[in-house]
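Q: Let me begin by handing over the structure; questions about it come next.
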Amino acid sequence: MSIADTNAILKSYLDTCVTLTDLVSTRIYCPRLPENCTWAADKGALSFFTRGGTSTPYIPGIISPSVQFDCWASTPIVARSIYNKLYDNLQGIQDTAVGAYKILSAIEEVQGQDLVDELVPNYFRTLTFFSIMIRAE
């Protein structure tokens, strides 16, 4: 039995979060923003990737990735707004079906940190981390 791609499961879930997609449209990327990614002044983008996590041989198919989310925008206010909508759609969810899989829980590990990215001029981001438990079999 193989384990599903947790990044693909998260992307599928986030694509259905209307309050989030109102701010980022289809600009939800894994693992990074594509080169030359652009958006309107009042919109932005979201990127995420699994940075580690845990699994147990005693409960096959249940894994708990730690996921980094970067909420991007051309102003810090919009980047923070994207973070707020991400938080609203993830924090505390339980038993949420995503196709044949389930997000069993999601808990923020680190509150949003507002950053200016020196490598990507004129972009602001709010960085956060979530621990997410997924039934991926």
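So that you can scan it fast, the table gives a plain yes or no per residue for (1) under 15 Å from the mean Cα position of the chain (by Cα); (2) modelled with pLDDT under 95; (3) within 18 Å of L115 (Cα to Cα):
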| position | (1), (2), (3) |
| --- | --- |
| N36 | no, yes, no |
| S64 | yes, yes, no |
| K85 | yes, no, yes |
| D88 | yes, no, no |
| Q91 | yes, no, no |
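Q: Residues that are surrounded by 12 or more Cβ atoms within 10 Å (Cβ to Cβ), under 18 Å from R125 (Cα atoms), at pLDDT below 95 and of a type in the set (K, R): does the stretch 43-51 have at least one?
A: Yes, there is a match, as at least one residue in the stretch 43-51 is surrounded by 12 or more Cβ atoms within 10 Å (Cβ to Cβ), under 18 Å from R125 (Cα atoms), at pLDDT below 95 and of a type in the set (K, R).
Q: If we keep just the residues of the stretch 114-137 that are free of Cβ contacts under 8 Å to residues at least 60 places away in the same chain, touching a Lys or Arg at 6+ places or on another chain (Cβ under 9 Å) and not β-branched (V, I, T), which is nearest to R80 (Cα to Cα)?
A: Across the stretch 114-137, the extreme among qualifying residues is D114.
Q: Okay, next question. Look at I28 and say whether it is touching a residue at least 40 places away in the same chain (Cβ under 8 Å), under 23 Å from P121 (Cβ atoms), touching a helix residue (DSSP H, G or I) at 6+ places or on another chain (Cβ under 6 Å) and buried (at least 17 other Cβ atoms within 10 Å of the Cβ).
A: Working: touching a residue at least 40 places away in the same chain (Cβ under 8 Å): no; under 23 Å from P121 (Cβ atoms): yes; touching a helix residue (DSSP H, G or I) at 6+ places or on another chain (Cβ under 6 Å): yes; buried (at least 17 other Cβ atoms within 10 Å of the Cβ): yes.
So I28 fails the test.
Yes/no per residue for (1) surrounded by fewer than 20 Cβ atoms within 10 Å (Cβ to Cβ); (2) in a loop (DSSP other than H, G, I, E, B); (3) free of Cβ contacts under 8 Å to residues at least 24 places away in the same chain; (4) among the basic types (K, R):
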{"residue": "T54", "(1), (2), (3), (4)": "yes, no, yes, no"}
{"residue": "C71", "(1), (2), (3), (4)": "no, no, no, no"}
{"residue": "R80", "(1), (2), (3), (4)": "yes, no, no, yes"}
{"residue": "L86", "(1), (2), (3), (4)": "no, no, no, no"}
{"residue": "A106", "(1), (2), (3), (4)": "no, no, no, no"}
{"residue": "G112", "(1), (2), (3), (4)": "no, no, no, no"}
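Q: If you don't mind, another one. Tell me, yes or no, whether the stretch 18-28 has at least one residue that is within 16 Å of A106 (Cβ to Cβ) and assigned to a loop (DSSP other than H, G, I, E, B).
A: Kept after step one, since they are within 16 Å of A106 (Cβ to Cβ), are these residues of the stretch 18-28: 19-20, 28.
Checking the rest, the ones that are also assigned to a loop (DSSP other than H, G, I, E, B) come to none.
No, the stretch 18-28 contains no residue that is within 16 Å of A106 (Cβ to Cβ) and assigned to a loop (DSSP other than H, G, I, E, B).
The values are calculated or read from the model by the stated rules, or taken from the named source; none is laboratory data. For clarity, every value in this text was computed on a predicted model and none was experimentally measured. Quick reminder, even Gly has a Cβ in these numbers, built from the backbone with ideal geometry, and neighbours come from all protein chains shown.
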